Structure formats: structure tokens, C-alpha cells
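The values are calculated or read from the model by the stated rules, or taken from the named source; none is laboratory data. These figures come from a predicted structure and were not determined experimentally. Here the Cβ positions follow ideal geometry from the backbone for every residue, glycine too, while neighbour counts run over all protein chains shown.
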Amino acid sequence: MGWTYSDRWKTREQVAKSVVAELHTDVVASGPGLDPPDSDGRTTFYVAARKDGKTTAHVYLIEFQGYKGMHESMFPYSFDCPQSVLGVLDPTSCVESNKWRVASSQTR
């Protein structure tokens, strides 16, 4: 999955709000805040979203005018997911999702 960019986004906060709006699901939890960005100017943003009765995690790498979104089942290489997101996820039979959740829990 690639990056999505738009010149209508002027801040990381605007990108994050757009990402949440485009999920078309109920956002159960999100975090952490969007500052400070890493040395590449990126911020990692986590969302627990409920769709079809199941709450799963989504990981977004956010830049100034764009983002790259990944579902936990893609085993995104970002493991600092806050407990506020991990704690509300529903059990899953997806092997990759479970591996990512364990890795994220152990990184703390």
C-alpha cells in the first residue's frame, strides 16, 4: 500500500482528522498525539476502529501532507501502540494481527 497525499492538508492534525473521517467506522480509541515527528518528519498514529461488530487496529504513518495507512493484519513495523488502543481490541484469529499485538505489547 502506498502513500496518499493532498494539498488540502496543511498540518499533520488535518491529515489525522481526514484519516479518521475516511475510516467510515466508529473510532473507539486513538493515540498518541501527533508531535513531535521523527527525524524523517513522520508521526505514527494508531486507531482502534469498530466495523461490523469487531474492533481492530489501524496504523498510520503521517507526514506533512500525506499518510500511509496499514491494518494490523499487515504486521506494520510500528510497535509503540498505546495501551489505550491495544486494550480495546477484540480477539482475532488472524495470525499476523496477533503477532503484531504481542510485539506491540512487548515493546513497552
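Out of (1) modelled with pLDDT of 80 or more; (2) crowded, with 18+ Cβ neighbours inside 10 Å; (3) over 21 Å from residue 107 (Cβ atoms), what's the single condition that is false for residue 62?
(3)
Looking at the stretch 65-81, which of the residues that are within 16 Å of the chain's Cα centre (by Cα) and in a loop (DSSP other than H, G, I, E, B) is surrounded by the most Cβ atoms within 10 Å (Cβ to Cβ)?
Checked the stretch 65-81; the qualifying residue surrounded by the most Cβ atoms within 10 Å (Cβ to Cβ) is 81.
I'm checking my understanding of the structure. Among residues of the stretch 90-108 that are touching an Asp or Glu at 6+ places or on another chain (Cβ under 8 Å) and within 16 Å of residue 47 (Cα to Cα), which one is modelled with the lowest pLDDT?
Going through the qualifying residues, I end up with 104.
Just to check your reading of the model, which residue among 97, 104, 84 is in contact (Cβ under 8 Å) with a residue 24 or more places away in the chain, surrounded by fewer than 18 Cβ atoms within 10 Å (Cβ to Cβ), among the small types (Gly, Ala, Ser) and assigned to a helix (DSSP H, G or I)?
Answer to the selection: 84.
Would you be able to tell me the number of residues in the stretch 28-55 that are surrounded by 15 or more Cβ atoms within 10 Å (Cβ to Cβ), modelled with pLDDT of 80 or more and not hydroxyl-bearing (Ser, Thr, Tyr)?
The total comes to 5.
Return yes when residue 73 is of a type in the set (Gly, Ala, Ser) and more than 30 Å from residue 8 (Cα to Cα) and no when it is not.
no
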